[in-house]
């Protein structure tokens, strides 16, 4: 028998405000983190950089600094809210250390850099998510990370609930 | 505490003759399959279709049927050898059911179809592998599967052993 309880693993979970991300965290808790393990669960949220907002304005004008400041404040509030929710999802895991990290930057870079710097044993992420806006501009975050992160990457998809799944 | 012991999970592991694939299976056994679980581990190997061999001949001529028959026989022997090795790696998992499937076809299609048909809870695969020849012609199998399979996909990379990993 393999004794996972004896191992100390660092598991990085990329979280954001999407349902996919929330499902990925729950799935990870239920399927990867075992009750007796010495795992450390690191929840990572990336706040998108200003440049991403700026590209939103299709008129050729940049947003005013007031609007940018409001957006930045809103981003921080979203980050806090997402982290609180994620931490609540981890509450059942009494034996597991939970750490949180909020970083500014493109999700793809933030996640890949964190995985490398923290020497995590595994990266868990939803297959989509990481913001509709960013996805449209920058392509799939999970694809990028799966190709660039050195550790095992678990991509969790939220099952479709409309009955069309085959 | 989350009780993974009570769950019955089907975990599909795509195996091939590469070291990456062998490492992915070992990693899965050590990190995902817990000793007490009711998991069923399904080892899947895909034998490449003839079409892939045929494209090998750059002279414009197709291989003779003799050569194709030899290649086919060789493929079956490789499949058997890989499966034996994979099953030996699973021997420590006394409580876990191990099943093996060998299918003919493009690895991408075989893996995606099997994951759907068998309603597996998770797909595990190496990040590269699945044959140098096929990879060169068809692109990354793991990328394709991560995008097309509906269940969570774990992509395991073999750490570099040359000390250059950062």
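The values are calculated or read from the model by the stated rules, or taken from the named source; none is laboratory data. Predicted model only: the values in this text are computed from it and were never measured. Cβ atoms come from the backbone with ideal geometry, glycine included; neighbour counts cover every protein chain shown.
Condition test on residue A:15, is it in contact with a strand residue (DSSP E or B) (Cβ under 6 Å, 6 or more places away or on another chain), within 18 Å of residue A:123 (Cβ to Cβ) and at pLDDT 90 or above? Show your work before the answer.
Numbers: in contact with a strand residue (DSSP E or B) (Cβ under 6 Å, 6 or more places away or on another chain): yes; within 18 Å of residue A:123 (Cβ to Cβ): yes; at pLDDT 90 or above: yes.
Criteria met by residue A:15.
Here are some residues: B:37, B:46. Which one is surrounded by 13 or more Cβ atoms within 10 Å (Cβ to Cβ) and modelled with pLDDT of 90 or more?
Working: B:37 fails: modelled with pLDDT of 90 or more.
Of the residues listed, the single one that is surrounded by 13 or more Cβ atoms within 10 Å (Cβ to Cβ) and modelled with pLDDT of 90 or more is B:46.
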note = residue A:30 fails exactly one of (1) surrounded by 13 or more Cβ atoms within 10 Å (Cβ to Cβ); (2) at pLDDT below 85, namely (2)
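Would you confirm, using the coordinates I've provided, whether residue A:91 is surrounded by fewer than 20 Cβ atoms within 10 Å (Cβ to Cβ) and closer than 16 Å to residue A:22 by Cα?
Numbers: surrounded by fewer than 20 Cβ atoms within 10 Å (Cβ to Cβ): yes; closer than 16 Å to residue A:22 by Cα: yes.
The answer is yes for residue A:91.
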